[in-house]
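Single-structure report; data block below.
Each reported figure results from applying straightforward, stated rules to the coordinates on display, with no laboratory input. The shown structure was predicted, so the numbers you read here are calculated from the model rather than taken from an experiment. Because the Cβ atoms are built from the backbone with ideal geometry, glycine has one as well, and the counts that use them run over all protein chains shown.
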């Protein structure tokens, strides 16, 4: 009898663990997607004086990081938005590199730098869903535009460099004596020592109104993606319920026929 019960327990446990391993990546993506599309972000035009510059690489978030972010009462205030329309990147820009901020947008490494003279470095997460955050950054092409709204000013860049570097190559964040932007993310949605670095030089052939219009157009497209994301989240909840039902059904069948 004890052997029978032990066998039943092992069968159910293996089924549960297997199902959990399959669903974990989807669970993390679904939670991040839901958080991105439901978080209310207020935009500010100033940076606090006590913001610290950071020069360290960011790793992809774990499921624990994502779950923890839901327990933190965060007041989200962005300082702008970055848009790369060719690969559908469209994220708010935050002046602090906190875990909570990077789960819903991108962060500025050196918030006190002047976009008209220096290297603006933005970092973002690479997730398994390329439609989220900087997930599609590695597919961008040289010559593509980048639009940046920062502290109520507008900037237009053209990409001139797309490289894959070691995480020790912190020199890509240095100022090079010119106005440019640097976007950085991991080269895959798991722990890695490689980084995708995209650089673009500042252009002056577009007006603020033209850049603002491009950002607004990207926002309109983003709303459509938000609706799809919420549908996906609801579908995922249904999958969880079905999985739980199958788990209980399997437990019942094991007890009945073994």
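Worth a mention:
- Spin-label pair residue 207/residue 161, simplified geometry with 7 Å Cα→Cβ offset, distance in nm: 3.3
- Mean Cα-pair separation over length for the range 151-224, i.e. relative contact order, pairs under 8 Å, 6 or more apart, %: 40
- Working from label points 7 Å from Cα in the Cα-to-Cβ sense, the residue 178 to residue 220 distance is 3.4 nm.
- Note on the range 83-101 and the range 168-198: Cα centroid distance 15 Å, given to the nearest whole angstrom.
- The label point for residue 153 and the one for residue 192, both projected 7 Å from the Cα toward the Cβ, are 3.3 nm apart.
- The relative contact order of the range 45-219, computed from alpha carbon pairs under 8 Å that lie at least 6 residues apart in sequence, is 23 percent.
- Neighbour-count ranking [beta-carbon atoms within 10 angstrom, fewest first] of 173, 209, 203: 209, 203, 173
- FRET efficiency for residue 86 and residue 62, using Cβ-Cβ distance with R0 set to 22 Å, rounded to 0.05: 0.15
- Global form of the range 45-219, assessed from the alpha-carbon gyration tensor, a/c cut-off 1.5: rounded
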